[in-house]
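So the structure is just underneath, and the comments pick up after that.
Where a number appears in this text, it was derived from the coordinates with a stated rule and is not lab data. Just so it is clear, the structure is predicted and the values come from calculations on it, not from any experiment. No Cβ is skipped: glycine too gets one built from the backbone with ideal geometry, and neighbour counts run over all protein chains shown.
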Amino acid sequence: MTNCLSISLESTKDCVERKHQLASFKKLGQILIDKKIITEYQLHQAICLQSSSQLKLGEALMNYGHIVPSQLEDALREQQWRQQGFWVIG
């Protein structure tokens, strides 16, 4: 019985940790919108271009002139930090 309880507690701990990781994950487009760098319309426009080409989202946004390389780099860095569990302020 101790083993079952131990396994159950570990599973709960893993589940809570995974939920925290997912809560800190943000998609690139949402990061750029939250920073008021692009609008939802601009994101939609880039997603449409992305779906009809081989471009990544950041490339599509740059093709339209909605962002510059330094903004893409900053947003990708924030996304990576969030995926690693770091909290980003700002």
Nitroxide proxy distance, nm - points 7 Å out along Cα→Cβ at Trp81 and Tyr64: 2.6 nm
List the trypsin sites (Lys or Arg not before Pro) in segment 23-72 that DSSP assigns to loop (not H, G, I, E or B) and whose Cβ has at most 10 other Cβ atoms within 10 Å. Which are they? Lys36
Starting from the amide H of Ile37, placed 1.01 Å from N in the peptide plane, find each other amide H under 5 Å away whose residue is 5 or more places distant or on another chain. none
Going 7 Å from the Cα of Lys35 along its beta-carbon direction, which residues of segment 47-77 have the amide nitrogen within less than 12 Å of the resulting point? 67-77
